[in-house]
Amino acid sequence: MKPRSFIIQRIARFFRSSGGEYLPLDSLRRTSTSSQIPVDAHATSTSSVASRSTSPGALTSRLRTTSSNSNSNPFIDASDEFINASTSSANHETRFDPFQHQQEVRNLHRSSSSSRGGARDVSSESTFFRSEEMSLIQLYIPAEVAQPTVSELGELGMIQFRDLNPDVNAFQRAFVNEIRRFDEMERQLRFFTSQIGKAGIHVRTSLPSSYLTHPPSRQELDEIEARLCEHENRLLQLNSSHDSIQRQYWELVEQRHVLREAAYFLEEASSRQDEVRRSLDEPDVRLLDDLETGPSQEANGLGLALGNVTGVIPRTKLQIFERILWRTLRGNLYMNTADIDEPVVDPSKETTVEKCVFIIFVHGQEILAKIKKIAESLGSTLYPIDSSASKRQEALQDVSRHIEEFDSVLLNTAQTRHQELLRISVNMTVWMTIVKKEKATYHAMNQFNHDSNRKYLIAEGWCPTKEIGTIQAALRAVTERSGSTVPSILHELRTHKEPPTFHKTNKFTAGFQAIVDAYGMARYREVNPGLFTIISFPFLFAVMFGDVGHGILVLLLGIYLVLNERKLANIDSEMFGMVYGGRYIILLMGAFSIFTGMMYNDMFSRALPFFQSGWKFNIPEDYDGKTVIVAEPTGYTYPFGIDYAWHGTENYLLFTNSYKMKMSVILGVIHMSFGICMVYYNAKFDRKPIEIIGGFIPQFMFMQCLFGYLVMMILYKWTINWFETDAAGQALRNSPPSLLNTMIYMFLSPGSVNEGDKLYPGQGFIQGLLVLVAFICIPWMLFMKPYYLKHEHCKARGMGYHQPSENHVRISTDSSHTGEAGGAVVAEEDGEHEEEFEFSEELIHQVIHTIDFCLGCISNTASYLRLWALSLAHAQLSEVLWTMTLGMAWGFTGRIGVFMTIVMFAMWFCLTIFILCGMEGLSAFLHALRLHWVEFNNKFYQGTGYPFEPFSFAVVLSEKESS
């Protein structure tokens, strides 16, 4: 175990990840000539797959694997199981959690590894204080079991594979055809999903236990692919038939409206033939007159030769249509329209629109052709009608009969389509899970290499050192289940490469770790600020947000999110997802806000008289309300927080200003000093004494000589009764000195202090000594590390080494096995070399770091004054809101008073939620975030690592579909 203080060790153990108990793992069997770790394999019958009690099938009900001549495919024939389950209520459906299933698979293989004995001992236990120890491993996987082996590793989710073919184009990789195949299957499933969503069919998100065991065989995948193609073709055919029939149906509906309205127009015109005759006898009268009806084709019997154009047009385009016809034909037409009462579906666009029927009478074929072109350009549909009334009546009857037939056909087609979608939805989740897993498996296999004989696939990747035994157990399970006689082989490699950073988190610590990771991923095995953020972040938030009432509201929100986390986890909203991910942060922020609110004795800007006050106001009976009354001490000390007697006094703001400002400086110096102490733990873990001697010691001394001394003066000043008098009533001490002036003159005139500004005896000598030590620390930080590295570099060159051995080869194992790792393979990238040591670059870097630290101590300490500023602003906003709402309402009496109280209480509560808790809470959150990122993390945290992203089916299945 790496040395660390007892307190930090216990805290780290308490907050370590709850991802399951770590069980002893198989130790690596090494020899002096080879570091190969063969995975034990037991041959089984090749005709069928044998079930083992220690295989993943023991986790759930085992999927029966059929022989090659069986016709049933358990990955397709899920209908019975799902249809039987669908009779139960959808509210009782258990959603499939891929991460829970992954954890169960891990626990199973851990127990299998532990039961074989030979547990692997590691030097460090799993804590949240540092990232997990990682190993670079190499796998030799037989080609015939490559796919089930990689699939099992995906279920395990513990290896981050390295791409061994970085220069190979994605279209030239070994398994590009398989990936294209699953891309096509995934496209079909997305098509099914959209069709099921449009139909409003519920897709079950739970999975039968039999589909969580082993991957499907090639024959089963072929059957699934054929089934998907069959469903797609059938669905496309049904959609095409339904669209075609529906288009014809709505055309018939429009034609029926046209026939009805045209019959009405023509019958009315026929009854007014005399009026039409008189109008036509006058040569100067145009066809379009003020008549409400016009000549019909029956007028041909009177010697007229008029043609007509009938159809439907959207109402929004009717006026445009009329204007164009008027200007084009110069009024030489007769037109009549009628609205269609019911909404009509446009056959071409399949959208519901409001339309109207029109009939136009004109003379001449050219004009008719022109009108038809204009009508079609405006989106109208033309329906020709016969001039004979009897034929129009027969046409109307035929159209009505066809509409009834199409109604029946549409209903049957829709039912058939719905049944088809129901059959697809039954297997939808299973198929999508299988396709996603298989596609991810071949993506991972594309990163592998083949051996010279193409009998093995060679893979490299990072994994937690403690989980090597678990990975071995998984490889053994695949070998035994597949019946292969050739085992997979595992190497643990030595390397100079920087491993990925992996912090084991649970649902409680994940939110706090996300705050740290947003600043930068931790360097491998450096101190993790996420452990301290669990306490410091909600506390600093509460210092700025301190109010018992507001804290209770935030706490209630956190409790609601925590108690309903399973139900709320399914809400698909990016904004809510951020709030949900930080539900435990909100919970602690509310709890700490209640604590600091009690310290401030503040609840919605009102005092909390929990204890007896230490002050007494002697108010005379004839008090006029204008004279200032000075409170007298009672000799009683208020036991907790600020005395409630301060509320409402004239000097309350002056008192809280001084108190909170000094408190902010104290908290800031403590927070930053703790961050500097983490430099020591990082240096000690990395075995770099120069970081302690040339970094931690001068930085800590510089900080304490200046700002640690300021904190001591604040605390000392608080402990002195500056207004104490003797028996004669004379003051025993001077007036309290200004600490700001003391710090200024500490540098302007070191070693001397005015008598009136003295805080304690011997102050001048101590301040001069502290300033001297602080100035000595500056060249100490500046020159010691660069010259020490130069000395080590020259020493190594003198011994014949090209580079100093500071960055020695790292072997991913504990110290007890280092002597046996002589045969381990060293993995290096071609052309990857360490940079040559340059003294000038190192010196410039150290100059920048020294200046940044020295100036940062001043600016960062001042930055913590935001705790005082936001706390004061929050309290004053709460006071103003109370005074302007409830305080105003309680000035009324009677019914008006009741009404005003109800109205003002609603206004006060809403503004409290949205402004004081929402906006002020967000402001305090962001300021607390800045204090951790800038003021605390930059004292020790490098954040130059990269995350551990293992090949995991749980992650693949949890990813949302890209739009």
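For this structure, a couple of remarks:
- Among residues that are under 21 Å from the mean Cα position of the chain (by Cα) and assigned to a helix (DSSP H, G or I), Phe537 is included.
- The stretch 214-244, residues that are buried (at least 16 other Cβ atoms within 10 Å of the Cβ) and either aromatic (Phe, Trp, Tyr) or part of a helix (DSSP H, G or I) (or both): Glu220, Leu221, Glu223, Ile224, Glu225, Arg227, Leu228, His231, Glu232, Leu235, Leu238, His242
- Flag for Phe617 being of a type in the set (A, V, I, L, M, F, W, C) and in contact with a strand residue (DSSP E or B) (Cβ under 9 Å, 6 or more places away or on another chain): yes
- Within the stretch 330-360, being at pLDDT below 85, among the hydrophobic types (A, V, I, L, M, F, W, C) and over 60 Å from the mean Cα position of the chain (by Cα) holds for one residue alone: Leu333.
- Any hit, the stretch 699-706, residues being of a type in the set (Phe, Trp, Tyr) and touching a Cys at 6+ places or on another chain (Cβ under 6 Å): yes
- Candidate set: the stretch 620-638, residues that are touching a strand residue (DSSP E or B) at 6+ places or on another chain (Cβ under 7 Å) and in a loop (DSSP other than H, G, I, E, B); chosen: the one surrounded by the most Cβ atoms within 10 Å (Cβ to Cβ): Ala631
- Meets criteria (of a type in the set (Phe, Trp, Tyr), farther than 30 Å from Thr533 by Cβ, surrounded by 13 or more Cβ atoms within 10 Å (Cβ to Cβ) and modelled with pLDDT under 95) for Phe953: yes
- Verdict on Ile367 being at pLDDT below 90, in the same structural domain as Ser244 (by TED's automatic domain parsing) and either touching a Cys at 6+ places or on another chain (Cβ under 6 Å) or part of a loop (DSSP other than H, G, I, E, B) (or both): no
- Some residue of the stretch 721-737 being assigned by TED's automatic domain parsing to the domain that holds Ile844, touching a residue at least 24 places away in the same chain (Cβ under 8 Å) and surrounded by fewer than 17 Cβ atoms within 10 Å (Cβ to Cβ): no
- Condition broken by Leu740, with the remaining ones in (1) surrounded by fewer than 16 Cβ atoms within 10 Å (Cβ to Cβ); (2) of a type in the set (A, V, I, L, M); (3) more than 50 Å from the chain's Cα centre (by Cα) satisfied: (3)
- In the set (1) closer than 22 Å to Trp250 by Cα; (2) surrounded by 15 or more Cβ atoms within 10 Å (Cβ to Cβ), Ile360 fails one condition alone, (1).
- Scanning the stretch 620-644 for residues that are without any contact (Cβ under 8 Å) to a residue 12 or more places away in the chain and not hydrophobic (A, V, I, L, M, F, W, C) yields a count of 8.
- Residues of the stretch 369-393 satisfying the condition of being without any contact (Cβ under 8 Å) to a residue 12 or more places away in the chain and either among the aliphatic types (A, V, I, L, M) or surrounded by fewer than 12 Cβ atoms within 10 Å (Cβ to Cβ) (or both): Ala369, Lys373, Ser377, Ser390, Lys391
- Residues of the stretch 681-703 satisfying the condition of being free of Cβ contacts under 8 Å to residues at least 60 places away in the same chain and surrounded by 20 or more Cβ atoms within 10 Å (Cβ to Cβ): Phe696
- When Ile340, Ile367, Ile385, Ile371 are screened for being aliphatic (A, V, I, L, M) and in contact with a His (Cβ under 8 Å, 6 or more places away or on another chain), only Ile340 passes.
- Test for Val478: is it more than 19 Å from Gln160 (Cβ to Cβ), among the β-branched types (Val, Ile, Thr) and buried (at least 19 other Cβ atoms within 10 Å of the Cβ): yes
- Verdict on Gly614 being surrounded by 15 or more Cβ atoms within 10 Å (Cβ to Cβ), at pLDDT below 95 and farther than 20 Å from Ala924 by Cβ: yes
- Qualifying residue in the stretch 514-528 (condition: under 19 Å from Gly581 (Cβ atoms), of a type in the set (Phe, Trp, Tyr) and out of contact with any Lys or Arg (no Cβ under 7 Å at 6 or more places or on another chain)): yes
- Total residues in the stretch 594-619, condition within 18 Å of Tyr659 (Cα to Cα) and either in contact (Cβ under 8 Å) with a residue 40 or more places away in the chain or part of a helix (DSSP H, G or I) (or both): 10
The values are calculated or read from the model by the stated rules, or taken from the named source; none is laboratory data. Note that this is a predicted model, so its numbers are computed, not measured. Virtual Cβ from ideal backbone geometry, glycine too; neighbours counted across all protein chains shown.
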